[in-house]
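The values are calculated or read from the model by the stated rules, or taken from the named source; none is laboratory data. None of the values given here were measured: they were computed from a predicted structure. Cβ placement follows ideal geometry from the backbone for every residue including glycine, while neighbour counts extend to all protein chains displayed.
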Amino acid sequence: MTGKTVTALDRSAGEKPSILVIAGPTASGKTTIALALANAFGGELIGADSMQVFRYLNIGTATPTAEELGGIRHALINILEPDQPFDASQYVVAADQAIADCAARGVNPIVVGGTGLYIRALLHGLHRAPPPQEDVRAHFLAKAEQDGWPAMHQELARIDPKTAARLHPNDGVRIVRALEVLASSGIPMSEWQERHGFAKWRYRACILGIDHPREVLYRRIEDRVDQMMAQGFLDEVKDLVQRGFSRDLKPMQGLGYRQLMAHLAGETGLEDAVADIKKETRRFAKRQITWFKKELGLEWVGPDQDDILKRARACFAQGD
């Protein structure tokens, strides 16, 4: 992989706190590496994962356990019920507060996660697309109820192919938002984002992307899914059903949860569901890599912890 290189914490954000960001695709080992850095530099973790914010979704999201954290504080995991709304703008507010708290206590904040939009919004702010239009949104939701999300995704691909290429065909929340923005403003979501530019830095930041050869990453994904199933992923999904959470909720449409919900509804066999989880996770990882390749200032690094420690040490030293 290639990417723009950063060797020091960016100083264009003035007196804002310095942060280290550990990013990369799913199953790349981000949390393990971030914990090693936190132990080495007296840091704390701040999540950047759109699924780990929800309670009860632990196995399928690879949320670190208390034992794995080993006493390291980890903000922005397990903070919401699965039926509570949460988006990038809310994430920025919460992450800003967590970073400020670390800075007030003299702790090094380490942002870790694979949700590229959250990381970009934290570092550069959000583009100013039109506000939600409830009547327009209701129209598209009704159409989705009739035609299904894959059909809506195809419609989006016809009128805003750049945005559609970044979204999964079942990502209803983002599909309907993109359709709503175009319908209400006449401007595609992709163009709103391009106009923003994401050039202004909100923090001094060093961004490291964890890189594996593609075949190694895919093998790690396969192994992780098998491990999740062995840890009780299916029972976790059954528990969510028993708690009354609808499969139509955004978190229930997440990788793994969507497939196992379909299995519990009698729509597919367990073996086929697991195979689909692996296939869709590989595709998701590919989309994440594509996103992070475009991330300003991100430096791809191998998984060797000694090398990452050296790079992180240089980042923190130049952020003083």
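Quick rundown of the values:
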quantity: Test: residue in the stretch 265-279 that is under 28 Å from residue 121 (Cβ atoms) and assigned by TED's automatic domain parsing to the domain that holds residue 23; calculated: yes
quantity: Residue in the stretch 164-181 that is in a strand (DSSP E or B), buried (at least 17 other Cβ atoms within 10 Å of the Cβ) and not polar (S, T, N, Q) present; calculated: no
quantity: Residues satisfying the stated conditions in the stretch 196-213, i.e. at pLDDT 95 or above and either under 20 Å from residue 92 (Cβ atoms) or surrounded by 14 or more Cβ atoms within 10 Å (Cβ to Cβ) (or both); calculated: 207, 208, 209, 210, 211, 212
quantity: Out of 155, 180, sole residue that is under 23 Å from residue 286 (Cα atoms) and not assigned by TED's automatic domain parsing to the domain that holds residue 210; calculated: 155
quantity: Those residues of the stretch 60-92 which are hydrophobic (A, V, I, L, M, F, W, C), part of a loop (DSSP other than H, G, I, E, B) and either under 20 Å from residue 116 (Cα atoms) or under 15 Å from the mean Cα position of the chain (by Cα) (or both), in sequence order; calculated: 62, 76, 77, 79, 86
quantity: Given (1) crowded, with 19+ Cβ neighbours inside 10 Å; (2) modelled with pLDDT of 95 or more, index of the condition residue 9 fails; calculated: (2)
quantity: Test result for residue 227, closer than 23 Å to residue 118 by Cβ and not acidic (Asp, Glu); calculated: no
quantity: Exclusive hit being surrounded by 21 or more Cβ atoms within 10 Å (Cβ to Cβ), under 30 Å from residue 30 (Cβ atoms) and hydrophobic (A, V, I, L, M, F, W, C), set 80, 76; calculated: 76
quantity: Long-range neighbours under 9 Å by Cβ, at least six apart or interchain, first residue not assigned by TED's automatic domain parsing to the domain that holds residue 56 and at pLDDT below 95 within the stretch 234-247, second part of a loop (DSSP other than H, G, I, E, B) and charged (D, E, K, R); calculated: none
quantity: Candidates 208, 167 - the one that is assigned by TED's automatic domain parsing to the domain that holds residue 297, of a type in the set (A, V, I, L, M) and under 30 Å from residue 299 (Cβ atoms); calculated: 208
quantity: Every residue from the stretch 93-128 that is part of a loop (DSSP other than H, G, I, E, B) and closer than 24 Å to residue 187 by Cβ; calculated: 125, 126, 127, 128
